[in-house]
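Step one of this worksheet: look at the structure below.
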């Protein structure tokens, strides 16, 4: 009887994990089929349960490239190098971001990591009046860049609605408001346009 109970638990856990990965596979495929993408979003940071601040903006996405625009800053990433411009101080920081840093900025970074290093579970839920699959990713290794991730996927078409990422005691929640696929961006959209900011001070931190 004990063996049968353990077997039932193991099978239930395996099924939940497979279902969660299957949902993420379909969400990743939805994004890939959409080509170049423009989304609007709001991002909120929490320390424990205390809200630290919220920003809203627009993201352009092309493969592993992205450009994020908010009132507070603008970020360009060409797949290797990232430029972050802060109008308030007129500075551009140039970096080559780590996986951990990418996960705090790009809500689609889960596409690169969910297949390994995470224990996956899933439940049905609702978000902003939409029926969703809520997929929970829990790191198997304490050294993982993100220890915990929640991904909310719309049931009707597997479109991503929200991502919550925990790094140490900090949670970053990125809610995706609108989604427009099949855009046509040039590569220059994802690199810092020096000619537009001739007076910006460039600080190379690589």
Requested in this report: Any residue in region 168-193 that's on the phi > 0 side of the Ramachandran plot and exposed (fewer than 14 other Cβ atoms within 10 Å of the Cβ): show its pairings with residues that are at pLDDT 90 or above and in a strand (DSSP E or B) at Cβ separation under 9 Å, as long as the two are six or more apart or on different chains.
Outcome: 182/36; 182/37
Query raised in the report: If residue 50 satisfies every condition in (1) modelled with pLDDT of 75 or more; (2) surrounded by 15 or more Cβ atoms within 10 Å (Cβ to Cβ) but one, which is the exception?
Result: (2)
Query raised in the report: Within region 139-167, which residues are exposed (fewer than 15 other Cβ atoms within 10 Å of the Cβ) and either out of contact with any helix residue (DSSP H, G or I) (no Cβ under 8 Å at 6 or more places or on another chain) or within 22 Å of residue 43 (Cβ to Cβ) (or both)?
Result: 140, 141, 142, 143, 155, 156
Query raised in the report: Looking at region 116-138, which of its residues are surrounded by fewer than 21 Cβ atoms within 10 Å (Cβ to Cβ), touching a residue at least 24 places away in the same chain (Cβ under 8 Å) and within 15 Å of the chain's Cα centre (by Cα)?
Result: 136
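Which residues, taken from region 71-81, are under 16 Å from the mean Cα position of the chain (by Cα) and either free of Cβ contacts under 8 Å to residues at least 24 places away in the same chain or outside any loop (DSSP other than H, G, I, E, B) (or both)? Let's see the steps before the verdict.
Residues of region 71-81 that are under 16 Å from the mean Cα position of the chain (by Cα), as a first pass: 75-77, 79.
The answer is 75, 76, 77.
The values are calculated or read from the model by the stated rules, or taken from the named source; none is laboratory data. All of these numbers come straight from a predicted model, not from anything done at the bench. Reconstructed Cβ throughout: ideal geometry from the backbone, glycine too, with neighbour counts over all protein chains shown.
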